[in-house]
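Report on the structure given below.
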Amino acid sequence: DAETADFYSIYPSSASTALEVSGEGVTTTLHVDATQFASTTDNGTSYYAQPAEMGNVVMYAKKAGVTSGSTVELHYTPFSTVLEFEINAPSEPIGDKQTEITIQSLTLTAPTGTTIAGDFGFNFDGPSITPAATGGSNAITMHFLDNNQYTTVLSTTKTTLKAKMCLMPISGEDNLSGWKIEVKTSAGTFSKTLD
């Protein structure tokens with residue numbers, strides 16, 4: 001019955017629990033999976049993996065003072081951090097090493113105390129997030145599966161896999177120094193700590 005109203009939205013709806021009015025603001029709980037799965041697309045000489053679970057790709061919108069009876073124009077702002085990784089195979093066989101390598105998973109680990117997956121309290125004002133007291137993780141593992149099979153094989157003819165991983169934004173982080181990337185393959189596990 002009010003002349004105006006404020007509207008709030010999280011996209012996709014599966015990323016959030018119900019929105020709640022909290023004092024003068026609106027809050028909800030967001031969730032990012034610590035285990036994610038990506039389907040790969042064959043691009044000829046490379047593979048491209050798009051995040052499969054859109055619930056990890058969070059966007060938000062808010063519109064204040066909408067007149068009763070008028071259309072609500074919601075403009076969404078991306079909120080999740082999306083990191084793109086490129087995994088490369090050697091351009092030619094080296095000695096007696098295998099010429100094909102199956103890429104099974106990629107794990108991103110943040111320094112201890114940095115929560116990048118789990119449940120987060122989200123406040124539209126700001127916006128800001130607060131990691132939940134329990135259930136948070138400083139690591140996300142992405143599996144590359146097709147019909148529950150590891151099928152992403154890099155070789156001398158298909159040398160690259162590009163993949164995107166979604167995580168909650170970390171306030172105050174200017175760089176990824178101290179973060180670790182680990183790639184599990186049929187030829188072993190390879191890791192790198194970022195400077």
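Hey, can you find the accessible area per residue of the chain for me, probe 1.4 Å, expressed in square angstrom? Don't jump to the answer; show the numbers that get you there.
Working: 11100 Å² over 195 residues.
For the chain, the solvent-accessible area averages 57 Å² per residue.
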Quiz item: Measuring from label point to label point, each 7 Å out along Cα→Cβ, what is the Leu194 to Asn123 span in nm?
Solution: 2.7 nm
Exercise. Given the options Asp119, Asp33, Asp42, state which has the largest fluctuation in a GNM of the chain using a 10 Å cut-off (strictly under) for Cα springs.
Key: Asp42
Exercise. Could you compute the FRET efficiency for Thr17 and Ser39, with r as their C-beta to C-beta distance and R0 at 22 Å, rounded to 0.05?
Key: 0.25
Quiz item: Residue-wise, which Karplus ³J(HN,Hα) couplings in Hz belong to segment 16-31, taking 6.51 cos²θ - 1.76 cosθ + 1.60, θ = phi - 60°, and x for glycine or proline?
Solution: 10, 7, 5, 6, 10, 7, 10, x, 8, x, 10, 10, 7, 10, 9, 9
Quiz item: Each residue of segment 5-13 in order: what ³J(HN,Hα) in whole Hz does its phi give by Karplus 6.51 cos²θ - 1.76 cosθ + 1.60, θ = phi - 60°, with x for Gly and Pro?
Solution: 8, 9, 10, 9, 8, 10, 10, x, 4
Exercise. Report the calculated FRET efficiency for Thr156 and Tyr48 (r = Cβ-Cβ distance, R0 = 25 Å), to the nearest 0.05.
Key: 0.85
Quiz item: Going by the alpha-carbon gyration tensor, a ≥ b ≥ c the square roots of its eigenvalues, is the chain rounded (a/c under 1.5) or, if a/c is not under 1.5, prolate (a/b greater than b/c) versus oblate?
Solution: prolate
Quiz item: Long-range amide H contacts for Ser128: which residues qualify at under 5 Å (H placed 1.01 Å from N, peptide plane, sequence gap of 5 or more or a different chain)?
Solution: Asn123
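At 1.4 Å probe size, with the rest of the protein present, what percent of the exposed accessible area of the chain is carbon and sulfur atoms? Intermediate values should be presented prior to the final figure.
Working: 5190 of 11100 Å².
Exposed carbon and sulfur together represent 47 percent of the surface.
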Quiz item: Taking the Cα-to-Cβ direction at Ala61 and at Ala132 and moving 7 Å from each Cα, how far apart do the two end points lie in nm?
Solution: 2.7 nm
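The values are calculated or read from the model by the stated rules, or taken from the named source; none is laboratory data. Note that the structure is predicted; figures quoted are calculated from it, not measured. Positions of Cβ are generated from backbone atoms using ideal geometry, with glycine treated the same way; all protein chains shown enter the neighbour counts. Just the protein is used for accessible areas: all its heavy atoms, side chains included, with ligands, DNA and RNA removed. Shrake-Rupley method; radii C 1.70, N 1.55, O 1.52, S 1.80 Å.
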